[in-house]
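First the structure, in the form of structure tokens, and then the observations on it.
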Amino acid sequence: MSGFRIARGGLIDRSANLNFKFDGKSFTGHQGDTLASALIANGVHLMGRSFKYHRPRGVISAGASEPNALVELREGARREANTRATIVELYDGLTAQSQNRWPSLENDFLAINSLASSIFVAGFYYKTFMWPKSFWEKIYEPLIRKAAGLGTASKEADPDTYEKAYAHCDLLVIGSGPSGLMAARTAARSGARVILADEGSALGGSLLFENEEIDGTTGSTFAQAVISELASMPNVTLMPRTTIFGWFDGNIFGGLERVNDHVAVPPPFEPRQRYWRVHAKRAVLAAGAEERPLVFGGNDVPGVMLASAMRHYANRYGAAAGKSISVFTNNASAQRTAVDLQAHGINIAAVVDTRKNGKIINVKGGKSVKSVSLADGSHFECDAVAMSGGWSPIVNLMCHRGAKPIWNETIAAFTPPDMGSQFTAIGSASGKMLLSECLRGGIAAGTFKGKTPPTPKCRDEAFAIQPFWWVKESTGKAFIDYQNDATAKDLPLANREGYGHVELAKRYTTTGMATDQGKLGNVNAIAILAEAAGKSISEMGTTTFRPMYTPVSFGAFAGPFTGHHFQPVRKTPLHEWCVEQGAVFVETGLWMRSSWFPKAGEDWLTSASREVKATRANVGLCDVSTLGKIDIQGKDAGTFLDKIYCNTFSTLSIGKARYGLMLREDGVVFDDGTTSRLADDHYLMTTTTANAARVMSHIEFCHQALWPEMDVQYVSVTEQWAQMAIAGPKSRATLQKIVDSFTLNDETTPYLVAKDITILGGLTARLFRISFSGEHAYELAVPADHGNMVARAIMQAGQEFGIVPYGVEALSIMRIEKGHVAGGELNGTTTAGDLGLGKMMSTKKDFIGRMMATREGMVDAARQCVVGIKPVDKTMKIRSGGHLLNQNDKPSMANDQGYICSVAWSPMLNMWLGLALLSNGRARHGEVVKVFDGLRGHHYLGEICDPVHFDPKNERLHA
Amino acid sequence: MLIPCPHCGTRPVEEFTFLGDATVIRPTSLEPSSMDDWMDYVYLRDNPRGNYAEYVQHSGGCRAWLVVTRNTGTHEVHSAVAAKAMKAKP
Ligand SMILES: [Zn+2]
């Protein structure tokens, strides 16, 4: 409890007090604070427990790389796990909970793990919890998850909204420190369209907290002037609170804008977050560099912090990490921390520099720092430790497309690969450690044409580093990866056990995993692993950098496409009529189809059975508008269809319809439907509902890529027509009442006729005499806008005959009664022969799938083909999915004879019926097989029969 | 990834549907002896690292089938030509 608020200075508004709660306790901070800075100012260092050992942990960094201070932010439906206290902007009423502790942060029961830590070495989970296998799923994993697990998600629906947006620019500048600001200003002044994005709440990058002098003024004043100028320019878009998280093909960048994460509840009509896709002609990476921790005993005790983070908190937020501080470094930059903190009146207990052979061996303290002990035997009392292990350019984005960063000996860090002029790195992101280099590099990157403008004058602080990776004398635990509790000793262990490759070591030790993806620890890990393996760091190389740079919420990816807006809803032109008739709808793809039309008290089966009986006895009306309809015209339309279908359409008479079967090029059935010839050069194709879009695309491909010389045009007219099936013995009498001036009979409208007519006194319509139900039936198509009106007229006309509306369920029952194949049988594995349609395949022409359909395996007599099936016990219910076996065989893959594809309760035959695929099935009608339904524990005998269960001679069709 | 549709201009990849290898040519023979050619046409594909010509449909745009040549290593798109125009050339 040693942090405090410095009396003066910083970029916070001390007049604005903000109240917030952390683990139920109330605190006060100021406008401009982060949750982390406010907690430090309130003397709170303990912010979490570590993942594996449940060690007390405090904040390490002041930014996006934070591995320790992960909190559950907000409550209820807005609760968000694993948010970094270092980037959470403080607002009045904020509530946050620490994670990984039980029952409380101060008294963590599972810290016992830490005492047992000799067994918690790398690969522990793999070694210990592997046997017996079933224990893993049921016992070990849930237990480990409960003990360790990061934050927990809210199980309530997210009440906030998210947006997606696109942006285009000449120059995208990622990062708004000195280099980024110069690049943006230079480009903007020359008229280029510039986007300047920065993950921070305020623009300015390191100028917000480093004491710099540029053009005779302070760094932050200089930054403010540049930002004001940029804000006034119409060709510049400033995007604070926006993390560019990924670089993708075509110089496209993904960005996440935290629009309203800094308030308790987003204002009305505003999203919480916005997902950006930025198309940049050029981009510059000015993301800066990340300071590395040093690896020494107790480097995770709360109060041990990155040196730059410590001065960041002091200079920007007026939050001091302690009253007396030890500094431990291997490079020149940490000197700034000592100087700045001293200027704030804070005592510097010791500056320990490895370049002068100084080493901190251990930090003493449990929940806060008490003292440090040095290699030379000396001890210093202090309440915080600032450490600096050097600087790593933030190369991530430039490596997102597969390139690897390059090791630079001089600065002891990986620098970005050369990715050409479309994306370049500047400033410390490119390994330039002097302010003047940053300013100059920014100006050069922003110069599109003409002379490079002059660089502002500034004071440089020399940078020098002598790599130092691990204080081996340490007796306490020395952590490499705080979030995963990986210690320095784990890496040589991984190497000894054969996991010395950098990618293997990552998985074996878990170094570099989880929400921070090793932003702080990876370079230390690579260096220690390289040493253990006897390789250079350059030879060892890095693991793969992948998007996202920092975690992106699922809400942002989903954007507005959630719930009702997840996908569009397609309603048929007859939807209104269906609603009037009391339809229950079913989603079929995007379509809402009328499933059944219950009367009071009816369940679906009662309703569908009644609809079937009424249709077969009298007449029924069904909405079949969802079937795909493709209008095909042109001199070669017939020849083209001959290529698409396995049967012939060029010979079809004008005014007639024909059932057509399409194969894929591999010989398997693709789709079926009725296609009519309306004129010499004009056909109308229908497809199944499910395949409408696929068939359209297939037709486009066949014409454009295979036979472009053919004179044929095609367009989908699915949505232009409302289509109704009128089926049953009274269908002709019903239709007769609405058609204009002609008598319906077998001469004017024979089976399979397709003709343009008018109805109801001049309305356009197309009449087809086709049947899916097996009844004497018609389909009538009218322009979509007339659909509801015509359906009502048909209902009125049919009233005297007892007409009923029927839905997809009744349709499905009738097609199974009739043995007509549909989705269950056209399942992407069946050939025309399997479906009993082998004779449809023409031998006189080329068509898609012809040659492949002749292969040995495609015509094998043992293939499973469509048969009918019914239970031997006629009172029994059968269900699809059951496998068919010879009566005396045991269930096994080798004995499998086929399976049931479709079933229905037949109200006409008063029993359950099905269609099945059965090996050599056509020769097995009458055979009794065993049905094995292991999923439902249901086994019974079934009788194989002809697929046409009802009206086998098709007498009703022609009645 | 951006694809320069010859009809619609440069558009994002989400508007397109990829089918696959555009270098295979559908055999014309229906003789059983041509079965090997058909097997190659239907099933045999190269999987090159480098330039690759693919059939791609601008399904969310003009619906034209294109032959798009891209580098499978870098995803750089070199050209996008209407399949129709491609086929017209010998
Ligand atoms: Zn297009």
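Points to keep in mind about this one:
- Inter-part distance where segment A:533-593 and segment A:848-866 are each reduced to a Cα centre, Å: 38 Å
- Under the combined filter of DSSP loop state and at most 11 neighbouring Cβ atoms within 10 Å, segment A:245-337 retains these chymotrypsin sites (Phe, Trp or Tyr not before Pro): A:269.
- In chain A, helical runs assigned H by DSSP with n ≥ 4 each contribute -39500 (n - 2.57); averaged across all residues and rounded to the nearest 500, the mean residue ellipticity at 222 nm is -5500 deg cm²/dmol.
- For residue A:348, the residues whose modelled amide H falls within less than 5 Å of its own, excluding neighbours fewer than 5 places apart on the same chain, are A:325.
- Prolate/oblate/rounded call for segment A:479-539, Cα gyration tensor, a/c under 1.5 rounded: prolate
- For residue A:319, the amide hydrogen comes within under 5 Å of the amide hydrogens of A:6, A:314, counting only partners 5 or more places away or on other chains and with H modelled in the peptide plane.
- Cα gyration tensor shape of segment A:629-718, rounded if a/c is under 1.5, else prolate or oblate by comparing a/b with b/c: rounded
- Taking θ as phi - 60° and the Karplus parameters 6.51, -1.76 and 1.60, the scalar couplings of segment A:236-248 work out to 10, 10, 8, 10, x, 6, 10, 8, 7, 9, x, 10, 10 Hz in sequence order, x denoting glycine and proline.
- Here chain A carries DSSP beta bridges of which approximately 75% are antiparallel, counting only pairs with both residues inside.
- Backbone amide hydrogens, once placed in the peptide plane, bring residue B:21 within less than 5 Å of B:55, excluding anything fewer than 5 places away on its chain.
- The trypsin sites (Lys or Arg not before Pro) of segment A:886-959 that DSSP puts in a loop, and whose beta carbon has at most 15 other beta carbons within 10 Å, are A:936, A:953.
- Ranked by how many other Cβ atoms sit within 10 Å of their own Cβ, fewest first, the residues A:578, B:5 fall in the order B:5, A:578.
- A straight Cα-to-Cα reach below 19 Å connects residue A:370 with the aspartates and glutamates A:106, A:300, A:381, A:383, residues fewer than 8 places away in its own chain not being considered.
- Cβ-based exposure ranking for B:25, A:803, in which fewest neighbours within 10 Å come first: B:25, A:803
- Take the Cβ atoms of residue A:213 and residue A:77, set R0 to 41 Å, and the FRET efficiency comes out at 0.25.
- Couplings 3J(HN,Hα) for segment A:429-443, derived from phi with the Karplus relation 6.51 cos²θ - 1.76 cosθ + 1.60 (θ = phi - 60°), are 5, 9, x, 8, 9, 9, 4, 4, 5, 5, 4, 5, x, x, 5 Hz, where x marks Gly and Pro.
- Length-normalised contact order for segment B:1-89 - Cα pairs under 8 Å, 6+ apart - percent: 30 percent
- Residue among B:30, B:44, B:19 with the largest mean-square fluctuation in a Gaussian network model of chain B, springs linking Cα atoms under 10 Å: B:30
- Prolate/oblate/rounded call for segment A:860-959, Cα gyration tensor, a/c under 1.5 rounded: oblate
- Which of A:891, A:945, A:911, positive extreme of dipole for segment A:860-959 (C-beta unit charges): A:911
- Reachable aspartates and glutamates, given that their alpha-carbon falls under 18 Å from the alpha-carbon of residue A:874 and they are not under 8 places away in the same chain: A:817, A:927, A:933, A:943, A:946
- Estimated vicinal HN-Hα couplings, Hz - segment A:295-311 in sequence order (Karplus 6.51, -1.76, 1.60; Gly, Pro = x): 9, 8, x, x, 6, 10, 5, x, x, 8, 9, 4, 4, 5, 5, 5, 6
- Spin-label model, residue A:249/residue A:789: points 7 Å from Cα along the beta carbon direction are separated by 5.0 nm.
Where a number appears in this text, it was derived from the coordinates with a stated rule and is not lab data. Because the structure is a prediction, the values reported are computed rather than measured. Backbone-built Cβ (ideal geometry, glycine too); neighbour counts: all protein chains shown.
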